[in-house]
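Following: one structure in structure tokens, then a few remarks.
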């Protein structure tokens, strides 16, 4: 068995890499790296299976924890979508807003947006409003008092 242990660890690493490519997310790559580290240990200590397993699980576990933490921090970053940059901005009504007729338009930061009123009120042209949220492709606004 000792003469085949490098092949076994190589096969484990290769299987993990294939699974990593086939699956979404980043999980198996940490086990592939752990298998490569175990193979390095097996090169020097081919009969010490316990040490190889310890290295495999330790390296894989540590990389899994670090990788998960780094990726979760990256996922928590705020959305940089420019659509949301108009939230809480002041806008000018360029076309009367009337929710019953489904019409209305505002100018925000030089961009024209379809708009609707938060309170279903009719808002005349040239009124200053505040963008509260985005509902589909429409800015939801309220009159600035």
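Of the residues that sit in the range 45-57 and are surrounded by fewer than 17 Cβ atoms within 10 Å (Cβ to Cβ) and without any contact (Cβ under 8 Å) to a residue 40 or more places away in the chain, which one is nearest to residue 29 (Cα to Cα)?
The selected residue is 57.
Here is a yes/no grid of residues against (1) closer than 18 Å to residue 135 by Cα; (2) under 34 Å from the mean Cα position of the chain (by Cα); (3) assigned by TED's automatic domain parsing to the domain that holds residue 130; (4) in contact (Cβ under 8 Å) with a residue 40 or more places away in the chain:
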{"position": "22", "(1), (2), (3), (4)": "no, yes, no, no"}
{"position": "30", "(1), (2), (3), (4)": "no, yes, no, no"}
{"position": "39", "(1), (2), (3), (4)": "no, yes, no, no"}
{"position": "43", "(1), (2), (3), (4)": "no, no, no, no"}
{"position": "59", "(1), (2), (3), (4)": "no, yes, no, no"}
{"position": "86", "(1), (2), (3), (4)": "yes, yes, yes, yes"}
{"position": "100", "(1), (2), (3), (4)": "yes, no, yes, no"}
{"position": "112", "(1), (2), (3), (4)": "yes, yes, yes, no"}
{"position": "119", "(1), (2), (3), (4)": "yes, yes, yes, no"}
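Determine which member of the set 47, 39 is touching a helix residue (DSSP H, G or I) at 6+ places or on another chain (Cβ under 8 Å), closer than 30 Å to residue 11 by Cα and not in a loop (DSSP other than H, G, I, E, B).
Details: 47 fails: not in a loop (DSSP other than H, G, I, E, B).
Among 47, 39, only 39 is touching a helix residue (DSSP H, G or I) at 6+ places or on another chain (Cβ under 8 Å), closer than 30 Å to residue 11 by Cα and not in a loop (DSSP other than H, G, I, E, B).
Confirm whether residue 65 is in a helix (DSSP H, G or I) and surrounded by fewer than 17 Cβ atoms within 10 Å (Cβ to Cβ). Please lay out each step first, then the result.
Working: in a helix (DSSP H, G or I): yes; surrounded by fewer than 17 Cβ atoms within 10 Å (Cβ to Cβ): yes.
When the stated conditions are applied, residue 65 passes them.
So which residues in the range 19-36 are part of a helix (DSSP H, G or I) and more than 18 Å from residue 5 (Cβ to Cβ), if there are any at all?
19, 20, 21, 22, 28, 29, 30
List the number of the failed condition for residue 97; all other conditions in (1) closer than 30 Å to residue 143 by Cα; (2) in a helix (DSSP H, G or I) hold.
Going through the list (1) closer than 30 Å to residue 143 by Cα; (2) in a helix (DSSP H, G or I), residue 97 breaks only (2).
For the range 128-145, how many residues are buried (at least 16 other Cβ atoms within 10 Å of the Cβ) and in a loop (DSSP other than H, G, I, E, B)?
Matching residues across the range 128-145 total 0.
Can you tell me which of (1) loosely packed, with under 13 Cβ neighbours inside 10 Å; (2) touching a strand residue (DSSP E or B) at 6+ places or on another chain (Cβ under 9 Å); (3) under 15 Å from residue 140 (Cα atoms) is the one residue 109 doesn't meet?
Unmet condition: (3).
The values are calculated or read from the model by the stated rules, or taken from the named source; none is laboratory data. Keep in mind the model is a prediction, meaning the values are calculated, not measured. Please note: Cβ atoms are built from the backbone with ideal geometry, for glycine as well, and neighbour counts cover all protein chains shown.
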